[in-house]
Amino acid sequence: MGNFEMAVLLLDHAAFVNAPSPDGYTALMMASEADDTNLVSLLHSRGAKVNASLPGTLTTALHIAARKGNVETVQELCRAGADYKARAGKDSFKRTPAEEADHACPDKDKRKAVREYFNIINNNEWAKRRLQIMSAEQSVGYAPWGQNQQPGGYLINQARTAPDPYQPAPPPYSKAPPAWG
């Protein structure tokens with residue numbers, strides 16, 4: 001029976017997925033160390049905390065996977081919500097997972113693949129933030145092209161937050177600003 005089958009058996013019989021070893025390693029960290037992406041996926045699906053860190057060092061499973069140069073495990077952990085900007089403790093020179101790959105991964109090709117993936121994530125993060133800003137600008141307020149307007153020049157209030165029960169309700173419409181002239 002392999003690691004994956006044993007993990008399924010243990011998890012099916014109520015094993016604690018986030019229980020640390022005497023050294024502080026969680027099962028997710030050990031799966032990252034073993035380059036077992038399928039086991040990482042299984043553990044996450046069963047509730048493993050992807051941002052759990054080793055006491056004292058703050059090293060996470062993502063740091064370990066980056067150090068090993070396993071880009072598939074790095075991708076799986078990032079999809080699961082691992083903090084790719086987390087800095088390990090002073091024992092690891094306060095490195096992010098990308099910096100950990102640069103300094104500790106012995107295989108040049110794996111190190112490059114992991115670094116490229118982190119660069120893509122950083123670029124996508126910037127693009128996601130820009131899209132969020134643009135959608136927020138469009139969802140509430142005046143749109144010069146009339147997307148959010150009702151006939152008669154009134155803007156539709158599209159705030160997505162729940163109303164505060166202690167504040168008076170705002171009017172459903174507000175007068176549009178004057179047209180450019």
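The values are calculated or read from the model by the stated rules, or taken from the named source; none is laboratory data. Small disclaimer: the values here were computed from a predicted structure and weren't measured. When we count neighbours, we look across all protein chains shown, and the Cβ atoms used for this are built from the backbone with ideal geometry, even at glycine.
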Can we say Ser45 is out of contact with any His (no Cβ under 9 Å at 6 or more places or on another chain) and either in the same structural domain as Asp102 (by TED's automatic domain parsing) or among the hydrophobic types (A, V, I, L, M, F, W, C) (or both)? yes
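Taking the conditions exactly as written (buried (at least 23 other Cβ atoms within 10 Å of the Cβ), over 18 Å from the mean Cα position of the chain (by Cα) and on the phi < 0 side of the Ramachandran plot), does Ala113 satisfy them or not? Before you say what the answer is, go through the steps one by one.
Numbers: buried (at least 23 other Cβ atoms within 10 Å of the Cβ): no; over 18 Å from the mean Cα position of the chain (by Cα): yes; on the phi < 0 side of the Ramachandran plot: yes.
No; evaluated as a whole, the condition is false for this residue.
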Just the residues that are in contact with a Cys (Cβ under 8 Å, 6 or more places away or on another chain) and either outside the structural domain of Thr26 (by TED's automatic domain parsing) or at pLDDT 90 or above (or both), please, taken from the stretch 50-102. Leu62, Ala66, Arg67, Lys68, Gly69
